[in-house]
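Heads up, the thing below is written out as structure tokens.
The values are calculated or read from the model by the stated rules, or taken from the named source; none is laboratory data. Note that the structure is predicted; figures quoted are calculated from it, not measured. Here Cβ is always computed from backbone atoms with ideal geometry, including for glycine, and neighbour counts include all displayed protein chains.
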Amino acid sequence: MDKRPIGIFDSGVGGLTVMREVIEQLPYENIVYLGDTARIPYGSKSEQTIKKYAYQCSLFLKNKNVKTIVVACNTASSVALNHLEDNFDIPILGVIEPGARTASKVTKNGKIGVIGTTATINSNAYQSKIMEYRQDAEVIGIPCPLFVPIVEEGWEYSQVAELTAEKYLTELIEHEVDSLVLGCTHYPILRYTIKKVVGPGVRLINPAFETARDLKKVLTEKNLLNKSYDKPKYEYYATDIPERLRRIGGNFLKKEIDNLFEVSIDNL
Ligand code: DGL
């Protein structure tokens, strides 16, 4: 029995799609969420910078006395997970391994698409993890950097979104992938448009779902579950313009965002 909160961080609001899954599967856990809105996007930054930011976010959460950290950001998970595991003594979960595992399980023809930020795709993290699970897989990674601003504008159902998706995803259709990993926090919001473009035969994989399952498993095994069944407390921090997190974040979390605070990057 452990009432300490779970810490979740992302480069911005996108990680709230992961928090949503965590709440769904662990409804009694307290959560502290940090969105590094001052420094988003991580996806176009160097490995060194992403590692530094991810470390600072994790340290902030650790100082909030969290019992575990979920790296909701695919970019930070791709590039910095090992670095964080080496530097913190609490369980740290990323989204890559669960997403890769699911993809290798659901594919029938072994042809898997992965979409994400430029840093995520260039890191090869998803591609190599999938190959560990399924050596015969053919994995095609496509960076889709324009999807993040489209979602942040609230244009996920627009013609712009559809044309952009066509431009990015045609190659995957030509390769006849039968499953597609939505390897970025924002992409589950674009699900409808992506599905429309790739067609009903392609399974979309949201790594957040399996990540939340893994988290539940880890908390159970390590005896860290909060079994008090009290109404859980959620706290949100943003490194810039917290109001934006409240406004846009509602769409990601499907829930009102209260207890929202600003934290300067100087204090991370
Ligand atoms: N949260 C990031 C991810 O999942 C997307 C936004 C960014 O580039 O920072 O990769």
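Things worth noting here:
- Summed over the stretch 219-243, residues that are under 19 Å from the mean Cα position of the chain (by Cα), of a type outside the set (Asp, Glu) and surrounded by fewer than 17 Cβ atoms within 10 Å (Cβ to Cβ) total 0.
- Selected residue [within 13 Å of the ligand (Cβ to nearest atom) and either within 14 Å of ILE92 (Cα to Cα) or touching a His at 6+ places or on another chain (Cβ under 9 Å) (or both)] from THR37, THR49, THR17: THR17
- Residue in the stretch 10-30 that is touching a Lys or Arg at 6+ places or on another chain (Cβ under 8 Å), within 17 Å of LEU268 (Cβ to Cβ) and not polar (S, T, N, Q) present: no
- Restricting the stretch 152-193 to residues that are in contact with a helix residue (DSSP H, G or I) (Cβ under 7 Å, 6 or more places away or on another chain), part of a helix (DSSP H, G or I) and free of Cβ contacts under 8 Å to residues at least 40 places away in the same chain, the residue that is farthest from SER104 (Cα to Cα): VAL160
- Pairs, first of a type in the set (Val, Ile, Thr) in the stretch 245-256, second at pLDDT 90 or above and buried (at least 17 other Cβ atoms within 10 Å of the Cβ), C-beta under 6 Å, six or more apart: ILE248/VAL13
- Sole residue being closer than 21 Å to ASN251 by Cα, touching a Leu at 6+ places or on another chain (Cβ under 8 Å) and modelled with pLDDT under 95, chosen from VAL13, VAL71, VAL22: VAL13
- Selected residue (only one of ALA38, ALA54 is among the aliphatic types (A, V, I, L, M) and closer than 22 Å to ASN206 by Cβ): ALA54
- Number of the exception - SER123 against (1) within 23 Å of ALA212 (Cβ to Cβ); (2) surrounded by fewer than 23 Cβ atoms within 10 Å (Cβ to Cβ); (3) away from the ligand (no atom under 16 Å from the Cβ): (3)
- Qualifying residue in the stretch 19-30 (condition: in a helix (DSSP H, G or I) and of a type in the set (Asp, Glu)): yes
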